Every structure is written in C-alpha cells, then in structure tokens.
Amino acid sequence: MSDTYGVVGHPVAHSWSPFIHGLFARETGQSMTYRLYDFTPEELEAQVRYFFEHGGRGLNITLPHKVAAVDLATELTTRAAHAGAVNTLAMQKDGTILGDNTDGAGLVRDLCDNLGLVIIRRRILIVGAGGAARGVLAPLLSLEPQEIVIANRTAERAENLAKAFQKVGPVQGVGIRYVSGGAFDLVINATSASLTNDLPPMTSSIIGPETVCYDMAYGKHDTPFVQWSLQNGCARAVQGWGMLVEQAAESFRVWRGMKPSTASVLTALKERALSA
C-alpha cells in the first residue's frame with residue numbers, strides 16, 4: 001500500500017504539486033500517492049489532524065495556510081521558526097509532526113545551482129515584506145551578500161522585518177519609493193502583485209544592465225514584473241518555476257530521505273504548463 005501525501009490550500013485546484021511529486025516518485029521508485037486538499041481556514045486544523053490520524057505521511061501547505069500551519073506542528077525546524085511559516089508537515093516515527101519551510105532552500109538552489117548566480121558580496125533588493133520574503137531571508141543571508149534591502153509599500157513593515165533578521169546578516173527595510181544606492185545585482189519580487197496582473201510601484205533606478213530580476217510568481221506568460229524588468233534593461237528576468245520545483249524536491253527529501261534530481265522535472269513542468 002502506498003504512502004499518502006498531498007498539498008493543502010484554498011483554493012488549490014491550480015497547484016502543480018501533484019504533477020511534480022508524481023515525477024519525483026517515478027524517478028526515485030517510491031510508492032506514494034499525492035492529492036489535492038482544499039480546506040478553508042476554518043476546516044484546516046481538524047482536517048489536517050484527521051489526515052495524519054488516518055495514516056497520512058506528509059503535507060505541503062500553500063496559501064493561505066502557511067502561518068496557521070505553524071500551530072499544527074509538534075516541533076519546528078530552525079528554518080521554519082525563522083520564517084514564522086510552514087510549507088511542509090511530516091509525520092515522524094515517534095508520531096510527532098515536524099513543521100518545515102523549504103521555500104528559502106528552493107529559491108537559493110534555483111538561483112545558485114540552476115541559474116548560476118553568485119550571491120556573496122552582491123547587493124540584493126527584495127520587494128515585499130510579507131510571508132514570502134520572510135521565508136527566504138535567512139537562506140539568502142547565509143550566502144553572505146553585501147546587503148539585502150527589503151522594500152515595501154508600508155515602510156514600517158519592511159523595517160520591522162529587517163529588524164527581525166539583523167542578527168543573521170546585513171539587512172535593512174525601507175519604503176518602496178525610497179530605495180537608494182543605485183542598481184542592485186539581484187532584484188526579487190516577493191509580492192503577490194503578479195498573481196493579480198499588477199506591479200509594485202518600483203522605480204527603474206533599481207535596475208542596471210547587470211541586474212538579474214527574479215519573480216517568485218510564475219505563469220504561462222511573462223509576469224508584469226518580468227515584463228517591466230526587461231523593458232528597463234535588466235540582464236535577465238526569470239519566473240519562479242525553478243523555485244517551485246526545488247522547494248518541492250526539498251520537501252520530498254524531508255519526507256522520503258532522498259533528494260530527487262530536478263532538471264528533467266523542471267523541463268517537463270515548463271513544457272506541460274506552457275502547453276496547457
């Protein structure tokens with residue numbers, strides 16, 4: 001009998017996770033099923049408890065439940081505690097539930113391994129100060145950038161997020177209209193603006209001819225952030241398909257004790273998504 005896994009969100013029908021984990025399972029020879037679970041915030045706790053009490057082995061957690069999932073875990077990994085959010089729940093041998101956050105690891109692997117970027121001594125701008133930004137700050141700071149600037153519509157939110165990570169590395173928060181210092185080496189859009197075909201109120205001064213722009217969102221066509229970045233002369237603009245696959249591979253490793261290779265899965269995902 002195969003082990004049961006799944007992804008919890010609301011809504012969740014659009015998720016590519018079953019496709020990705022199905023390929024991982026086939027590649028590694030693992031016997032597992034992976035399903036979609038659409039739970040409302042009111043249903044979340046009871047339904048997740050039911051899932052694990054009836055033999056479920058692990059869950060991915062997506063919007064809007066990542067923060068609430070912290071309270072569903074018996075214990076948290078260091079990276080989940082740093083993020084203040086959980087995107088992976090795993091049943092342990094002793095019956096406890098481990099809460100982890102693989103988003104930061106997924107982003108770092110996509111940036112460094114797939115895209116070949118160097119982070120050390122580079123200037124990084126993160127646009128947005130919500131959960132997506134919080135989830136990737138510690139992994140990015142561990143790569144020793146020159147600085148990370150968090151820019152947000154509400155300056156206070158960016159400043160508060162920066163203060164929470166100041167002991168980890170050089171980070172500051174500012175209002176999005178008050179970003180200074182010229183072009184950055186890497187600009188990451190961690191807002192949800194692309195999901196509504198919108199664009200944060202950025203100025204073109206953050207982009208130079210060597211700047212790489214990365215949208216954590218993804219879609220069949222270039223996101224508004226990718227379009228804007230290319231129009232303003234960046235060196236390269238990328239959507240977050242690679243992060244999606246890499247964070248999934250890290251979740252798979254947490255569950256099954258092995259990390260699947262991702263290159264062929266990323267290729268297959270893009271082909272399927274772009275032809276859908």
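Among the residues of the stretch 1-29, those that are touching a strand residue (DSSP E or B) at 6+ places or on another chain (Cβ under 8 Å) and not in a strand (DSSP E or B) comprise Ser2, His10, Pro11, Val12, Ala13, Ser15, Ser17, Pro18, His21, Gly22, Ala25. Among the residues making up the stretch 111-143, those that are more than 16 Å from Phe184 (Cβ to Cβ) and charged (D, E, K, R) are Asp113, Arg134. The residues listed here are Thr102, Thr96, Thr77; of these, the one that is closer than 16 Å to Ala249 by Cα and either out of contact with any Phe, Trp or Tyr (no Cβ under 7 Å at 6 or more places or on another chain) or not aliphatic (A, V, I, L, M) (or both) is Thr102. For the stretch 126-148, a tally of residues being part of a loop (DSSP other than H, G, I, E, B), out of contact with any Lys or Arg (no Cβ under 7 Å at 6 or more places or on another chain) and of a type in the set (A, V, I, L, M) returns 1. Residue pairs whose Cβ atoms lie under 6 Å apart, separated by 6 or more positions or on different chains, with the first residue in the stretch 1-21 and under 19 Å from Lys270 (Cβ atoms) and the second surrounded by 17 or more Cβ atoms within 10 Å (Cβ to Cβ) and polar (S, T, N, Q), are Ser17/Asn60.
Taking the numbered list (1) among the small types (Gly, Ala, Ser); (2) surrounded by fewer than 17 Cβ atoms within 10 Å (Cβ to Cβ); (3) touching a Lys or Arg at 6+ places or on another chain (Cβ under 6 Å) in turn, Gly29 passes all entries but (3). All of Glu144, Glu159, Glu210 fail the test of being charged (D, E, K, R) and at positive phi, apart from Glu144. Across the stretch 53-72, the qualifying residues are those that are of a type in the set (A, V, I, L, M, F, W, C) and crowded, with 19+ Cβ neighbours inside 10 Å, and the one among them that is nearest to Ala164 (Cα to Cα) is Ala69. Criterion applied to Leu107, Leu115, Leu59 was being of a type outside the set (Ser, Thr, Tyr) and under 15 Å from Ala132 (Cα atoms), and the one residue passing it is Leu107. If you go through the stretch 177-230 and keep only what is acidic (Asp, Glu) and crowded, with 21+ Cβ neighbours inside 10 Å, you end up with just Asp215.
Going residue by residue through the stretch 49-65, is there one that turns out to be modelled with pLDDT under 95 and out of contact with any strand residue (DSSP E or B) (no Cβ under 7 Å at 6 or more places or on another chain)? Yes, the conditions are met somewhere in the stretch 49-65. Screening the stretch 95-122 for residues that are among the acidic types (Asp, Glu) and more than 23 Å from Ala68 (Cα to Cα) and picking the one that is farthest from the chain's Cα centre (by Cα) gives Asp113. Looking only at residues in the stretch 237-276 that are basic (Lys, Arg) and in contact (Cβ under 8 Å) with a residue 60 or more places away in the chain, the one that is farthest from His21 (Cα to Cα) is Arg272. In the stretch 160-245, counting only strands (runs of 3 or more DSSP E) that sit wholly within it, the ones holding 2 or more residues that are at pLDDT 95 or above and within 17 Å of Ile148 (Cβ to Cβ) span 171-175, 186-189, 212-215.
The values are calculated or read from the model by the stated rules, or taken from the named source; none is laboratory data. For clarity, every value in this text was computed on a predicted model and none was experimentally measured. A quick note on method: Cβ atoms are made from the backbone with ideal geometry, for glycine too, and the neighbour counts reach across all protein chains shown.
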